[in-house]
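Right, one structure below, let's go through it.
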Amino acid sequence: FLTTASTPDPAANVPASLRVAYSLNGVADEELCYGPAAFPTKIETHVAVVVDNTAHTIALYQDGALLSECPLTRPLSAIEDVNDLLGHSNFSADPDLAGTYDEFRVYGAALTADEIAASFAAGPDAKP
C-alpha cells in the first residue's frame with residue numbers, strides 16, 4: 001500500500017512521510033520504503049512507485065525525483081490481491097486520502113528514473 005500520511009515512529013527513526021509497504025501477512029511482515037519528509041498538502045504532487053522484480057527493489061518518487069529505493073525480497077505476484085483500493089487502507093489506523101487523483105497508471109515493466117522524470121515533466125493526461 002501507499003500512504004501520504006504515515007504516523008511517525010521516533011523509536012524506529014521513521015518520519016511522518018510518504019510510505020509504501022508490502023506484506024503477505026500483516027504489519028509484522030511489512031517491507032517498508034519511506035520518503036524523507038512529510039508529504040506536502042494543498043499542492044498538486046506527482047507520486048510514483050516502481051517495483052523492479054529484476055533488481056529486487058521498490059522505489060518511491062515524488063515530483064519526478066527519487067526519494068528512496070528499498071530492498072524487495074518477494075515479488076508482487078505473491079500477493080493475493082483481493083482488495084485493490086485507492087485512497088483507503090485495510091488498516092483502520094491509516095487515514096483515508098484527503099485529496100483527489102488526476103490520473104493513475106499501471107505499467108507492465110519497471111520504469112527508469114529518466115522515464116519517471118519525463119512523466120512528471122509531461123504532466124497529467126500526457127500519453128506515455
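Observations, loosely collected:
- Of Y22, Y107, Y61, the one that fluctuates the most in a GNM where the chain has Cα springs shorter than 10 Å: Y107
- Taking GluC sites (Glu not before Pro) in DSSP loop conformation with at most 11 other Cβ atoms inside 10 Å as exposed sites, the chain has its longest uninterrupted site-free stretch at 1-43.
- Taking θ as phi - 60° and the Karplus parameters 6.51, -1.76 and 1.60, the scalar couplings of region 44-53 work out to 5, 9, 8, 10, 9, 10, 10, 9, 10, 5 Hz in sequence order, x denoting glycine and proline.
- Most mobile listed residue (T73, T45, T100) in the chain, GNM with C-alpha springs under 10 Å: T100
- Within the accessible area of the chain (1.4 Å probe), percent carbon and sulfur: 55 percent
- Placed amide H near L18: partners under 5 Å, 5+ positions off or other chain: G35, A37, F39
- For the chain, modelled as a GNM whose springs connect Cα atoms under 10 angstrom apart, the maximal fluctuation among R105, R19, R74 occurs at R105.
- Estimated FRET transfer efficiency when R0 is 25 angstrom, pair A93-T73 (beta carbons, to 0.05): 0.50
The values are calculated or read from the model by the stated rules, or taken from the named source; none is laboratory data. Just so we're clear, the structure is a prediction, and the values are computed from it rather than from any experiment. Cβ coordinates were reconstructed from backbone atoms using ideal geometry, including for glycine residues, and neighbour counts include every protein chain displayed. Just so you know, the surface numbers come from the protein's heavy atoms only, side chains and all, with ligands and any DNA or RNA stripped out. Shrake-Rupley method; radii C 1.70, N 1.55, O 1.52, S 1.80 Å.
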